[in-house]
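One structure is given here, and the rest of the page talks about it.
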Amino acid sequence: MTDFFPENPVAVLCSGGDAPGMNAFLRALVRLGLNRHNVPVLGIKDGYRGLVKAARQAGASPVELQQLKDAIVRNPGRKGMIENQPVVLMDHASVSGIMGKGGTVLGSARCKEFEKREVRAEVIALLGALGVRALVVVGGDGSLAGARCLAEESGLRIIGVPATIDNDLQFTELSLGVDTAVHTLVWAVDHFIDTARSHRRVMVLETMGRESGDLARMAALASGAEMVITPEGGPLDAAQIEKLAHRIEEAMIRGRGHAIVLLAEGVKFDPPQNRNGAYVLKDAFQKYFDRTEGAFSDLEVRPSVLGHLQRGGHATPQDCILAARFAEKAWKSLLDPDCGNGITALRENRVALVPFDCPDMPERASATRAMDDLHEALSFW
Ligand code: F6P
């Protein structure tokens, strides 16, 4: 690498909840920068939080700024990462062997402070002082909202890249990490089925997904889970819960031995509950099956909150491929003087750059309904 601070580099950060595929994206972005475009890439550690930290350090005086620049040149790649430098000049070695690895080698964080305009102004000043020509932000809803603010408040070129296991970004058919999280859930359901079958049990498994039920619904379709409950269906009251339990009971009368119920974490209850939904539903189901006139009074229900297991693990080939395609689009967009700021998105299986204020794709809502109908038809037994 060079002895001089790179001229007009591109900077990249990962923000918010980590998602499998972030590392594949970093690798593709750095390699395309070095191999195809001859533009160096600066990696920002720990998302916006790292950027704010660096801005405070370097903003203190011209001497501090120079020290940061010197450190970036002195400790490129893995050396800079080991030194825990907030900004690292990415070389080939720094992205070698990371393709499928879960998480992100740059680290990620949620940063409330970044919601303040004056804090973003500090960051804009730092990016200007480093001569950064474009910033690439990889993350979910909140992270892309931060990127949009930066785009509006600075003259910088800003490109967002959707990465979240929730699949709740409605301007793209898929975000990075979704395919891997669905795979992980299918794997988890397979494990729970063994016990459910052996003990003739009902398993209530709570998935992540925030306000969206997409992760649960995709995992239900791919795993064959008997039932999926998502926030899009509205809050669950006692009568609805009884109906669901009744459906399971009827299936068992017809000969079904067990049931896997996927419950998205965003599902609300009426009246509201302050426990995880899996426990609420488990108690209500158990009460239903325990009733004296019930057909299966010895039927046991077990809850499980799957939690962060869903965010980790080796990224699937699909996620790695999507990461490479998003990286290629990011480069094309940021090097094209006629192209504005925006977010890479998958639309009709093509990668496009959509504006930050892009409306939701109506196809997403109809795809959700279609998936629900399909699951309904496939899960009747
Ligand atoms: O957005 C990704 C996600 O994993 C959500 O599904 C979940 O609600 C949330 O992040 C958990 O956040 P944290 O890791 O901060 O607990």
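Before we move on, is Ala225 under 15 Å from the mean Cα position of the chain (by Cα), of a type outside the set (Val, Ile, Thr) and closer than 27 Å to Phe289 by Cβ?
It is false that Ala225 is under 15 Å from the mean Cα position of the chain (by Cα), of a type outside the set (Val, Ile, Thr) and closer than 27 Å to Phe289 by Cβ.
If we keep just the residues of segment 76-90 that are in a loop (DSSP other than H, G, I, E, B) and surrounded by fewer than 19 Cβ atoms within 10 Å (Cβ to Cβ), which is nearest to the ligand (Cβ to nearest atom)?
Filtering segment 76-90 for residues that are in a loop (DSSP other than H, G, I, E, B) and surrounded by fewer than 19 Cβ atoms within 10 Å (Cβ to Cβ), the one nearest to the ligand (Cβ to nearest atom) comes out as Asn84.
When segment 127-145 is examined, which residues are found to be touching a helix residue (DSSP H, G or I) at 6+ places or on another chain (Cβ under 6 Å) and either open to solvent by 10 Å² or more (accessible area, probe 1.4 Å) or on the phi > 0 side of the Ramachandran plot (or both)?
Ala129
Checking Gly16 against (1) away from the ligand (no atom under 16 Å from the Cβ); (2) part of a loop (DSSP other than H, G, I, E, B); (3) under 24 Å from Leu150 (Cα atoms); (4) not acidic (Asp, Glu), which single condition isn't satisfied?
Evaluating Gly16 over (1) away from the ligand (no atom under 16 Å from the Cβ); (2) part of a loop (DSSP other than H, G, I, E, B); (3) under 24 Å from Leu150 (Cα atoms); (4) not acidic (Asp, Glu) leaves (1) as the failure.
Hey, Phe171 hits all of (1) more than 30 Å from Arg302 (Cα to Cα); (2) within 16 Å of the ligand (Cβ to nearest atom); (3) open to solvent by less than 30 Å² (accessible area, probe 1.4 Å) but one; which does it fall short on?
Looking at each condition in turn, Phe171 falls short on (2).
Does Val63 qualify as being of a type in the set (A, V, I, L, M), out of contact with any Cys (no Cβ under 8 Å at 6 or more places or on another chain) and part of a helix (DSSP H, G or I)?
Answer is yes for this residue.
So which residues in segment 211-232 are free of Cβ contacts under 8 Å to residues at least 60 places away in the same chain and either more than 15 Å from the ligand (Cβ to nearest atom) or open to solvent by 20 Å² or more (accessible area, probe 1.4 Å) (or both)?
Across segment 211-232, the qualifying residues are Glu211, Ala222, Ser223, Ile229, Pro231.
Can you tell me which residues in segment 42-60 are in a helix (DSSP H, G or I) and either touching a Pro at 6+ places or on another chain (Cβ under 8 Å) or open to solvent by less than 70 Å² (accessible area, probe 1.4 Å) (or both)?
Gly47, Tyr48, Gly50, Leu51, Val52, Lys53, Ala54, Ala55, Gln57, Ala58, Gly59
Just give me the residues in segment 1-36 being touching a helix residue (DSSP H, G or I) at 6+ places or on another chain (Cβ under 6 Å) and either open to solvent by 10 Å² or more (accessible area, probe 1.4 Å) or at pLDDT below 95 (or both), in sequence order.
Phe5, Gly16, Arg27, Ala28, Leu32, listed by residue number.
Can you tell me which of (1) aromatic (Phe, Trp, Tyr); (2) in contact with a Ser or Thr (Cβ under 8 Å, 6 or more places away or on another chain); (3) outside the structural domain of Glu232 (by TED's automatic domain parsing) is the one Phe171 doesn't meet?
(2)
State yes or no: is Asn84 closer than 28 Å to Glu115 by Cα, of a type in the set (S, T, N, Q) and assigned by TED's automatic domain parsing to the domain that holds Arg31?
Spelling it out, Asn84 is indeed closer than 28 Å to Glu115 by Cα, of a type in the set (S, T, N, Q) and assigned by TED's automatic domain parsing to the domain that holds Arg31.
From Ser94, Ser108, grab the single residue that is assigned to a helix (DSSP H, G or I) and either crowded, with 21+ Cβ neighbours inside 10 Å or without any contact (Cβ under 8 Å) to a residue 24 or more places away in the chain (or both).
The match here is Ser94.
Can you find even one residue in segment 303-326 that is farther than 28 Å from Asn8 by Cα, among the basic types (Lys, Arg) and touching a Phe, Trp or Tyr at 6+ places or on another chain (Cβ under 9 Å)?
Checked segment 303-326: no residue is farther than 28 Å from Asn8 by Cα, among the basic types (Lys, Arg) and touching a Phe, Trp or Tyr at 6+ places or on another chain (Cβ under 9 Å).
Among the candidates Asn38, Asn23, Asn8, which residue alone is in contact with a Gly (Cβ under 9 Å, 6 or more places away or on another chain), away from the ligand (no atom under 16 Å from the Cβ) and at positive phi?
Answer to the check: Asn8.
Of everything in segment 119-141 that's in a strand (DSSP E or B) and within 16 Å of the ligand (Cβ to nearest atom), which residue is nearest to Ala58 (Cα to Cα)?
Val137
The values are calculated or read from the model by the stated rules, or taken from the named source; none is laboratory data. All figures in this text were calculated on a predicted structure; none of them were measured in a lab. Cβ: placed from backbone, ideal geometry, glycine included. Neighbour counts: every protein chain shown. SASA here: full protein model, heavy atoms, side chains in, ligands and nucleic acids out. Shrake-Rupley method; radii C 1.70, N 1.55, O 1.52, S 1.80 Å.
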